[in-house]
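Chemist: First the structure, then my questions, so here it is.
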Amino acid sequence: MMATVVSQERKRLHPHKFLLWVGIGSIIMMFAGLTSAYIVRRSAANWLEFSLPPVFWYSTFVILLSSLTMHLSVKAFKAREMMRYRTLITITAGLGVLFATLQFFGFYYLNTHGVQLLGQGSNPAASFLAVITGLHVLHVLGGVIALLVIFMRAYSMRIKSYNVTTIEIAGTYWHFVDILWVYLFIFFNLV
Amino acid sequence: MSNEAVLHTNVEGAITHDEHHDEHHEHHHHETFITKYVFSQDHKMIAKQFLITGMVWAVLGGLMSVLFRLQLGYPDSHFPFLENILGKWWVQNGQITAQAYYALVTTHGTVLVFFVLTAGLSGTFANFLIPLQVGARDMASPFLNMLSYWFFFSASVVMLSSIFVETGPFSGGWTAYPPLSALKDASPGSGTGMDLWLIAMALFVVSSLLGGLNYIVTILNLRTKGMSMTRLPLTIWSLFFTAVLGVLSFPVLLSGFILLIFDRNFGTSFYLSDIYISGVGALPNEGGNAILFQHLFWFLGHPEVYIILLPAMGMVSEILSVNSRKPIFGYMAMVGSLFAIAILAFLVWAHHMFVTGLNPFLGSIFVLLTLLIAVPSAIKVFNWLTTLWRGNIRFTPAMMFAIGFVSLFISGGLTGIWLGNSALDIHLHDTMFIVAHFHIVMGVASMFGMFAGIYHWYPKMYGRYLNNTLGYIHFWITMVGAYLIFWPMHYEGLAGMPRRYYSYSAWESFKQFGGLNQFISTVAMIVFSVQILFLLNFFYSIWKGRKVTTQNPYGSNTLEWTAPIRPGHGNWPGEIPEVHRWAYDYAKDGREFIPQTTPVDPNEANH
């Protein structure tokens with residue numbers, strides 16, 4: 001008991017990364033709450049069945065692609081290829097914005113195809129989709145803002161930082177919102 | 001070491017002592033009034049900010065209860081002077097209006113549960129004790145920690161402003177069940193008042209999430225050398241489980257609130273269905289389910305009870321052990337029972353909904369899980385009593401409050417076994433019996449834990465002592481008063497007297513309780529005034545109290561007493577002390593106490 005403490009000390013995760021992981025846990029709980037509310041409500045009467053907008057397939061592809069570019073940009077950063085890193089991080093942020101736009105196209109598609117998302121006369125089935133997907137988009141946009149901050153830092157000439165912690169944290173978060181969307185997409189398709 | 005790693009990588013942090021680790025801490029360089037007292041990133045200052053904001057809310061919330069007790073105790077009397085103070089919306093013809101009564105009850109509940117006993121209790125002591133007792137210079141992210149307080153502060157401002165709105169604050173109960181909370185026209189408070197309530201609560205959720213993240217990471221990641229998890233004081237264990245509960249359950253409340261916001265503002269039908277509401281008519285909504293909100297609410301709501309109670313349990317364990325001069329009895333059982341309570345906290349939420357439309361079969365499972373909580377609770381009570389058993393007890397005010405906590409926890413916990421039965425709950429639900437139960441076991445007991453913590457750690461917080469005589473007066477009147485207020489409510493509840501009613505004068509059967517209600521209200525006023533005495537003691541002692549002259553006034557083992565009497569930001573002027581033993585080596589090998597920093601002697605008996 002006494003000897004193990006000291007040896008483990010050095011292997012500990014960076015506290016800020018740990019903060020992110022616990023934070024991810026709480027975001028998971030929020031979406032778990034929402035999706036279980038969805039399941040509970042679905043089993044009751046008056047539930048509108050409709051198929052997801054086809055554009056969601058494209059947005060899924062886009063966010064998966066952005067995860068790849070995010071991963072490559074972290075690798076580039078670690079290899080200190082700063083030009084490559086800057087390009088990749090810009091692409092990642094761009095893909096994030098594209099994802100958000102595509103999601104809104106999806107909402108638009110539903111609204112024009114007779115599935116009212118919000119407002120009087122809307123069915124909870126559609127509203128759930130709008131709220132859950134909308135919240136997810138907000139989390140993606142939060143990631144975009146984080147990337148923009150890092151992006152600014154990458155272009156700032158004053159600070160030359162080779163500390164990987166910040167970019168790794170952003171990367172982990174980015175992959176998390178990606179996986180979260182994949183989960184939601186499968187969830188909406190199956191449940 | 002990871003402790004140092006944070007301090008060095010924190011670019012924008014206020015870790016000014018970084019460069020001058022080994023110097024004295026009296027001369028901080030870049031500290032202005034603003035960075036030291038207002039936007040402070042020092043966990044000790046943030047703790048004091050949480051405490052004092054919580055105290056302001058405790059006074060307001062307490063005052064509200066005095067006002068509505070005035071209505072319950074003296075329904076036929078007139079208090080014209082109140083009308084002059086509070087205005088016509090609150091008091092008419094010298095009587096609290098019905099609308100004001102519901103607003104008072106709702107705000108009292110919300111404020112006491114969230115702002116006082118969550119932010120004020122775990123916000124204060126998690127912030128103050130975690131870095132000091134695990135041996136860290138500050139939290140994992142001092143900046144997030146500061147944000148946590150300021151989110152709480154903004155939540156407080158918004159909540160406070162809702163009291164001054166023309167239509168009054170939200171008045172549908174602290175649980176905010178739809179349709180009262182979802183429909184803007186359902187009651188005067190359901191409009192602007194509820195909007196502000198929701199904004200305040202959303203800010204509050206953010207605050208407690210930011211705080212909780214920090215507490216968990218600091219405990220797991222920033223412990224000093226030698227501080228294994230099994231050497232942590234029980235305060236830290238309880239604050240750890242509290243933070244885990246908060247981080248996992250507050251997001252679910254937030255998702256419930258998000259759906260509520262959409263129902264209120266964007267015409268969705270998550271909670272609203274085609275019901276008929278008098279004054280509004282039939283709703284256009286279709287397919288909503290009000291029970292859904294109750295599930296989401298109580299999935300937080302029940303863990304919330306333990307978020308309130310666990311910090312008090314942890315502090316009481318520590319204070320009982322220090323002041324009995326004995327090791328805590330059954331340390332691992334204490335940790336295990338905290339863990340069991342934390343797990344069960346997530347599995348019992350539906351016992352709040354036995355009579356609101358729950359499948360009786362499902363109910364019976366929740367009965368079983370609810371009654372299971374009696375096991376870890378009984379383990380804790382047993383261990384507290386055995387810690388006291390044949391101890392060399394020092395009856396300091398903190399110790400008195402800690403023992404008082406145990407008493408209240410037993411009395412209030414026993415009625416929990418009644419209420420956990422869904423069959424009994426049919427009779428007892430929404431009666432004064434419930435009010436008695438949760439006020440004793442959760443409200444007053446946690447307040448006692450908080451008082452115990454304040455009396456015990458005040459010397460560490462301010463470098464001065466509180467006045468003991470005032471402390472004893474405060475304890476005895478509060479202790480006796482709490483029982484006098486809440487014990488009789490059990491009888492009222494068993495007789496079927498419902499809670500939350502504005503007036504009982506229409507029922508012949510409740511007339512017999514008129515005198516009892518008067519008695520309760522009178523005691524409530526006396527107990528409230530004694531709390532003012534405590535506040536005087538608190539603020540007077542900050543500047544004029546007896547000074548602490550020794551580093552370790554209680555002969556305590558934990559790390560906070562190895563720091564200077566008035567520690568600066570960074571807590572220890574030199575190296576962080578190394579830990580060699582658990583926190584409870586009292587009365588061992590003929591020594592009264594052995595601090596955690598003392599290396600283990602090879603001839604020492606094993607514990």
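The values are calculated or read from the model by the stated rules, or taken from the named source; none is laboratory data. Note that the structure is a prediction, hence the values are computed from the model and not measured. Every residue, glycine as well, gets a Cβ built from its backbone with ideal geometry; the counts of neighbours run over all protein chains shown.
Chemist: Conditions: (1) part of a loop (DSSP other than H, G, I, E, B); (2) under 28 Å from B:Leu198 (Cβ atoms). B:Val59 meets all but one. Number of the miss?
Modeler: Unmet for B:Val59, out of (1) part of a loop (DSSP other than H, G, I, E, B); (2) under 28 Å from B:Leu198 (Cβ atoms): (1).
Chemist: Say whether the condition of being more than 11 Å from chain A (Cβ to nearest Cβ), out of contact with any Pro (no Cβ under 8 Å at 6 or more places or on another chain), surrounded by fewer than 23 Cβ atoms within 10 Å (Cβ to Cβ) and not in a loop (DSSP other than H, G, I, E, B) is met by at least one residue in the range B:263-274.
Modeler: Looking for residues that are more than 11 Å from chain A (Cβ to nearest Cβ), out of contact with any Pro (no Cβ under 8 Å at 6 or more places or on another chain), surrounded by fewer than 23 Cβ atoms within 10 Å (Cβ to Cβ) and not in a loop (DSSP other than H, G, I, E, B), one finds at least one in the range B:263-274, hence yes.
Chemist: A further question on this structure: Specify the residue that is nearest to the other protein chains (Cβ to nearest Cβ); the eligible residues are those in the range A:38-52 that are touching a residue at least 60 places away in the same chain (Cβ under 8 Å) and surrounded by 13 or more Cβ atoms within 10 Å (Cβ to Cβ).
Modeler: Residue satisfying both the conditions and the ranking: A:Asn46.
Chemist: Moving on to the next point. Condition first: assigned to a loop (DSSP other than H, G, I, E, B), surrounded by 24 or more Cβ atoms within 10 Å (Cβ to Cβ) and either more than 10 Å from chain A (Cβ to nearest Cβ) or of a type in the set (D, E, K, R) (or both). Now tell me which residues in the range B:211-225 satisfy that.
Modeler: The answer is B:Arg223, and nothing else.
Chemist: Quick check on the range A:7-14. Is at least one of its residues under 28 Å from A:His175 (Cβ atoms), at the interface with chain B (Cβ under 8 Å from one of its Cβ atoms) and modelled with pLDDT of 90 or more?
Modeler: no
Chemist: Going through B:Pro251, B:Pro233 one at a time, which residue ends up being more than 9 Å from chain A (Cβ to nearest Cβ), under 30 Å from B:Asn214 (Cβ atoms) and out of contact with any strand residue (DSSP E or B) (no Cβ under 8 Å at 6 or more places or on another chain)?
Modeler: After applying the criteria, what remains is B:Pro233.
Chemist: Shifting gears a bit: Checking the structure you have, find out if any residue of the range B:194-208 is buried (at least 22 other Cβ atoms within 10 Å of the Cβ) and hydroxyl-bearing (Ser, Thr, Tyr).
Modeler: Within the range B:194-208, one or more residues are buried (at least 22 other Cβ atoms within 10 Å of the Cβ) and hydroxyl-bearing (Ser, Thr, Tyr).
Chemist: Ok, one more. Out of B:Ile343, B:Ile307, B:Ile291, B:Ile319, report the one residue that is at pLDDT 95 or above and over 25 Å from B:Ser407 (Cβ atoms).
Modeler: The unique qualifying residue is B:Ile343.
Chemist: Across the range A:98-149, what is the total count of residues that are within 14 Å of another protein chain (Cβ to nearest Cβ) and within 30 Å of A:Thr165 (Cβ to Cβ)?
Modeler: Count: 7.
Chemist: Could you identify the single residue in B:Leu121, B:Leu132, B:Leu104 that is modelled with pLDDT of 95 or more, away from chain A (no Cβ under 14 Å) and farther than 30 Å from B:Asn214 by Cα?
Modeler: Being modelled with pLDDT of 95 or more, away from chain A (no Cβ under 14 Å) and farther than 30 Å from B:Asn214 by Cα holds for just one of B:Leu121, B:Leu132, B:Leu104, which is B:Leu104.
Chemist: Still on this structure: Look through B:Lys48, B:Lys88 and report the one residue that is in contact with a helix residue (DSSP H, G or I) (Cβ under 8 Å, 6 or more places away or on another chain) and among the basic types (Lys, Arg).
Modeler: Of the residues listed, the single one that is in contact with a helix residue (DSSP H, G or I) (Cβ under 8 Å, 6 or more places away or on another chain) and among the basic types (Lys, Arg) is B:Lys48.
Chemist: Quick one: in the range B:571-600, of everything that is part of a loop (DSSP other than H, G, I, E, B) and among the hydrophobic types (A, V, I, L, M, F, W, C), which residue is nearest to B:Lys44 (Cα to Cα)?
Modeler: Quick first cut of the range B:571-600, residues part of a loop (DSSP other than H, G, I, E, B) only: B:571-585, B:589-590, B:594-600.
Still in the list and also among the hydrophobic types (A, V, I, L, M, F, W, C): B:572, B:576, B:579, B:582-583, B:594, B:600.
Numbers: B:Trp572: 13, B:Ile576: 17, B:Val579: 22, B:Trp582: 24, B:Ala583: 21, B:Ile594: 26, B:Val600: 30 Å.
Restricting to residues being part of a loop (DSSP other than H, G, I, E, B) and among the hydrophobic types (A, V, I, L, M, F, W, C), the top hit is B:Trp572.
Chemist: Among the residues of the range B:176-204, which ones are out of contact with any Phe, Trp or Tyr (no Cβ under 6 Å at 6 or more places or on another chain) and in a loop (DSSP other than H, G, I, E, B)?
Modeler: Listed by number, the residues that qualify are B:Ala176, B:Tyr177, B:Pro179, B:Leu180, B:Ser181, B:Leu183, B:Lys184, B:Asp185, B:Ala186, B:Ser187, B:Gly191.
Chemist: Now for a different question. List the pairs whose first member sits in the range B:92-105 and is in a loop (DSSP other than H, G, I, E, B), whose second member is among the polar types (S, T, N, Q), and whose Cβ atoms are under 9 Å apart, counting only residues at least 6 apart or on separate chains?
Modeler: Filtered contacts from the range B:92-105: B:Gly94/B:Ser77.
Chemist: Name the single residue, out of those in the range B:275-293 being within 11 Å of chain A (Cβ to nearest Cβ) and within 36 Å of the chain's Cα centre (by Cα), that is surrounded by the most Cβ atoms within 10 Å (Cβ to Cβ).
Modeler: Step by step, filter the range B:275-293, then rank; the result is B:Gly288.
Chemist: Something else: If we scan the range A:1-24, do we find a residue that is touching a residue at least 24 places away in the same chain (Cβ under 8 Å), out of contact with any helix residue (DSSP H, G or I) (no Cβ under 8 Å at 6 or more places or on another chain) and loosely packed, with under 15 Cβ neighbours inside 10 Å?
Modeler: No, because not a single residue in the range A:1-24 is touching a residue at least 24 places away in the same chain (Cβ under 8 Å), out of contact with any helix residue (DSSP H, G or I) (no Cβ under 8 Å at 6 or more places or on another chain) and loosely packed, with under 15 Cβ neighbours inside 10 Å.
Chemist: Would you tally the residues in the range B:568-601 being surrounded by fewer than 17 Cβ atoms within 10 Å (Cβ to Cβ) and more than 13 Å from chain A (Cβ to nearest Cβ)?
Modeler: Qualifying residue count for the region: 10.
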